[in-house]
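Here the structure is laid out as structure tokens; the discussion comes afterwards.
The values are calculated or read from the model by the stated rules, or taken from the named source; none is laboratory data. Remember, predicted model here, so these are calculated numbers, not experimental data. Positions of Cβ are backbone-derived with ideal geometry, glycine not excepted, and every protein chain shown enters the neighbour counts. Note: areas computed on protein heavy atoms with side chains; ligands, DNA, RNA excluded. Shrake-Rupley method; radii C 1.70, N 1.55, O 1.52, S 1.80 Å.
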Amino acid sequence: MSKIDIEKYFKPNLQDARKRNKTDVHELQFELQEKHQNIGYLKTYQIHTYGCQGNEADSEIMAGILEKMGFTKAETEDESDVIILNTCAIRENAENRIWGELGRLKAYKRRNPNLILGLAGCMAQEEYVIERVLKTYQHVDLVFGTHNIYKLPEYIETSMFSKERVIEVYSQEGDIVENLPKVRNHTYKAWVNIMFGCDEFCTYCIVPYTRGKERSRHKDEIFKEVIELKEQGYKEITLLGQNVNAYGKDFKDMDYTFGDLLSDLDQIGIERIRFTTSHPHDLDLKTMHAMRDGKHIMPFFHLPVQSGSNRVLKKMNRHYTKESYLDKLNELKENVPGISVTTDIIVGFPGETEEDFLETMDLVEKADFEGAYTFVFSKREGTPAASFEDLTPEDEKKDRLYRLNEVINAGYLRGNQRFLNQTVSVLVDGVSKHDENILAGYTAHNKLVNFKGDKHLIGSIVSVKITEAKTWFLLGEAV
Ligand code: 5AD
Ligand code: SF4
């Protein structure tokens with residue numbers, strides 16, 4: 001094997017990624033250079049997306065750029081000229097899946113040496129990933145990170161014509177790029193980025209390193225996008241950010257925060273407004289009032305708590321206690337009666353004792369969550385928690401997860417049961433996975449509903465009377 005000149009690549013560095021500089025964030029307008037406009041003529045692409053909604057939105061941008069370059073979407077991997085894996089680094093098992101995929105795709109590369117195989121997203125921002133790709137995944141042609149998606153045309157050009165490997169990952173965020181083309185996955189619901197990055201630095205989490213410092217998009221750009229979506233007939237938008245409640249905190253020249261944004265977007269009249277994800281510490285009364293007064297803001301809140309033990313919350317660097325979380329939750333429920341609240345919980349954080357875990361169970365009882373994503377702590381190299389002493393056996397952690405899920409599942413069922421015999425509005429998403437004649441969609445409270453109906457209703461909002469409540473979904477009849 002020839003010696004790899006690793007110096008010629010732009011590689012990430014977690015120490016640099018941790019830094020938060022005070023330099024102003026500027027806006028940059030994307031423009032596709034003429035020389036890139038036909039590179040993809042008669043060529044095809046596929047993008048495989050892993051992880052959160054942020055990645056789904058990024059993949060829509062990658063697809064938008066590729067289609068502007070003339071590429072079309074390939075039906076199969078076999079006929080693809082470009083395959084990009086847009087990856088997730090949040091937990092080890094997410095990464096393992098992607099390493100497996102990269103291994104599997106080696107066969108396609110052998111059959112079609114002209115195939116460009118790319119690795120993008122959060123994993124690309126990790127030092128060790130780049131080292132491993134350089135050493136053992138020689139068939140990966142292109143690696144770029146979360147901060148330079150807009151440079152995809154250049155990378156494809158180099159990869160295609162010079163046949164050189166392209167590895168370019170920036171440790172730190174740059175400017176906010178506007179005017180990016182998008183191929184949206186749906187025609188009636190859309191993601192809208194409102195901010196990028198995260199400054200919370202929860203000690204277990206890799207995101208502040210892979211996504212950079214918090215940067216809010218200018219409100220005018222957000223309005224422009226939402227108004228356009230409304231004109232195109234979109235029914236629902238989901239505002240995206242790692243911590244949407246911190247929106248606007250980085251503005252130096254205006255006092256404009258998430259509550260203001262929600263109230264103003266509500267005026268546009270798009271039917272449904274959702275947002276994800278939130279940090280309890282930044283959730284303020286203005287936001288609750290915007291939800292209370294808005295006509296289009298859905299009565300649903302995903303409010304990750306992570307743990308119910310004050311000792312663990314402190315070690316996680318979460319800036320709240322069990323009691324203050326519950327107070328805020330009650331305030332939210334008072335302001336938005338009937339709101340459905342879900343959460344994220346990590347069990348087996350380093351040093352979590354049985355007593356700590358029981359505090360979490362107690363909080364779950366008191367909070368009356370209607371759903372949760374629950375995880376076993378996963379060690380992320382480079383984060384503070386990776387070096388915390390962790391003596392709890394894996395079996396014990398799994399047992400905690402099991403016990404927690406029992407209570408969470410009861411919450412899902414209770415949350416669904418409260419809609420029995422009621423008529424709810426369902427935005428129809430598609431047909432059920434199991435039966436072509438059954439439609440599936442979501443209520444304002446984000447409950448999944450199945451009911452009999454014709455395919456032409458996909459993308460419209462239908463009134464449905466709920467006849468049965470199961471743990472994971474509701475059954476009903478169109479009225
Ligand atoms: N281990 C387990 N779960 C994690 N999450 C983030 N980092 C980790 C980790 N290292 C969970 C948190 C977060 C959600 C998106 O993923 O609960 O809210
Ligand atoms: Fe990770 Fe915490 Fe930021 Fe969420 S708020 S992305 S858990 S660091």
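Points worth noting:
- Within the option set Lys286, Lys333, Lys249, Lys315, being charged (D, E, K, R), open to solvent by 40 Å² or more (accessible area, probe 1.4 Å) and under 22 Å from the mean Cα position of the chain (by Cα) holds for one residue only, Lys249.
- Reported count of residues in segment 381-400, each being under 28 Å from Phe301 (Cα atoms) and surrounded by 17 or more Cβ atoms within 10 Å (Cβ to Cβ), is 4.
- In segment 177-218, residue nearest to ligand 2 (Cβ to nearest atom) [restricted to those that are over 18 Å from the mean Cα position of the chain (by Cα) and open to solvent by less than 50 Å² (accessible area, probe 1.4 Å)]: Thr203
- Residues of segment 219-246 that turn out to be open to solvent by less than 30 Å² (accessible area, probe 1.4 Å), farther than 25 Å from Thr187 by Cβ and not in a loop (DSSP other than H, G, I, E, B), as a count: 2
Residues are listed down the side, and each one gets a yes or a no for (1) closer than 19 Å to Leu283 by Cα; (2) buried (at least 19 other Cβ atoms within 10 Å of the Cβ); (3) of a type in the set (Asp, Glu); (4) not assigned by TED's automatic domain parsing to the domain that holds Leu283:
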| site | (1), (2), (3), (4) |
| --- | --- |
| Glu354 | no, no, yes, no |
| Lys379 | no, no, no, no |
| Glu406 | no, no, yes, no |
| Tyr412 | no, yes, no, no |
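- Breaking point among (1) modelled with pLDDT of 95 or more; (2) open to solvent by 40 Å² or more (accessible area, probe 1.4 Å), for Leu152: (2)
- Restricting Val192, Val177 to those that are part of a strand (DSSP E or B) and within 13 Å of Glu27 (Cβ to Cβ) reduces the list to Val177.
- Of the helices (runs of 4 or more DSSP H) entirely within segment 283-351, those holding at least 1 residues that are among the hydroxyl-bearing types (Ser, Thr, Tyr) occupy 285-293, 322-335.
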